[in-house]
1. May I ask you to compute the full-extension gain from LEU92 to LEU71, defined as 0.36 nm times their residue separation minus their alpha-carbon distance, rounded to one decimal in nm?
2. Set the Förster radius R0 to 22 Å, insert the Cβ-Cβ distance between SER146 and GLN29 as r into 1/(1 + (r/R0)^6), and round the FRET efficiency to 0.05.
3. Picking from VAL95, ALA67, ILE105, whose Cα lies most toward the positive end of the charge dipole for region 43-145 (charges on Cβ: Lys, Arg +1; Asp, Glu -1)?
4. Using the Cα centre as the reference, give the magnitude of the dipole from point charges on the C-beta atoms of region 55-156 (Lys, Arg: +1; Asp, Glu: -1; all else neutral), rounded to the nearest 20 debye.
5. Run the numbers for TYR44 and THR5: contour at 0.36 nm per residue of separation, minus the present Cα-Cα distance, in nm.
6. Can you run phi through the Karplus equation (6.51, -1.76, 1.60; θ = phi - 60°) for region 63-77 and list ³J(HN,Hα) in whole Hz, with x for Gly and Pro?
Amino acid sequence: QAAATTFYRNWLDDGRTTKPRPDPAPVLQLTPANTGHSLLRGQYRQPLLLLMGGVVLLLLIASANVATLLLSRAAARAREMAVRTAIGATRLRLVRQLITESVLIGLAGGVGGWIVCVYLGRFTLTFLPPAAEAWQFAPDLRVFASALLISVGSGLVAGVGPMSWLVLVLIALLMV
């Protein structure tokens with residue numbers, strides 16, 4: 001802070017040739033960058049927390065719906081699984097197939113959500129005040145990675161529900 005204040009004072013004095021510096025010398029007040037100092041932070045903190053809670057609730061409802069759909073699909077595919085087992089497929093192979101299907105469903109949902117985020121995100125920026133800087137609200141690679149991880153994880157959790165008995169049998173077989 002002292003170095004920045006000295007640099008700032010010298011920069012101000014470069015333009016002056018005859019006038020002395022005003023009595024209270026200008027001082028820079030620096031704040032740590034990790035606090036995220038922003039004029040919009042105080043104004044939008046509570047609405048964004050409510051929005052995040054709504055998104056988490058929506059994700060839980062969607063995961064429960066997908067788990068129910070996968071459960072009904074697994075019941076309908078019981079005959080297919082019996083035929084696959086009869087022609088030589090192991091339980092491990094069946095579990096891998098079901099996990100792969102549920103992860104692909106989650107991945108497709110995550111990519112679809114990201115596309116919606118990119119295209120409709122620009123529309124939501126029109127609701128911000130004119131003083132807001134739009135670049136602060138652009139999603140970056142970390143946001144994409146976390147959204148992808150959450151979508152694949154929720155797809156995996158929703159897909160494991162219908163086949164939990166298969167997973168338990170597989171774990172029991174691996175323990176023996």
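Every number here is computed from the coordinates shown, using simple stated rules; none is lab data. Keep in mind it's a predicted model, so treat the numbers as computed, not measured. No Cβ is skipped: glycine too gets one built from the backbone with ideal geometry, and neighbour counts run over all protein chains shown.
1. Length gained, LEU92 through LEU71: 5.7 nm.
2. Efficiency for this residue pair is about 0.05.
3. VAL95
4. 600 debye
5. Answer, rounded to one decimal: 10.9 nm.
6. Result, ordered by residue: 5, 5, 5, 5, 5, 5, 4, 5, 5, 5, 5, 5, 5, 6, 9 Hz.
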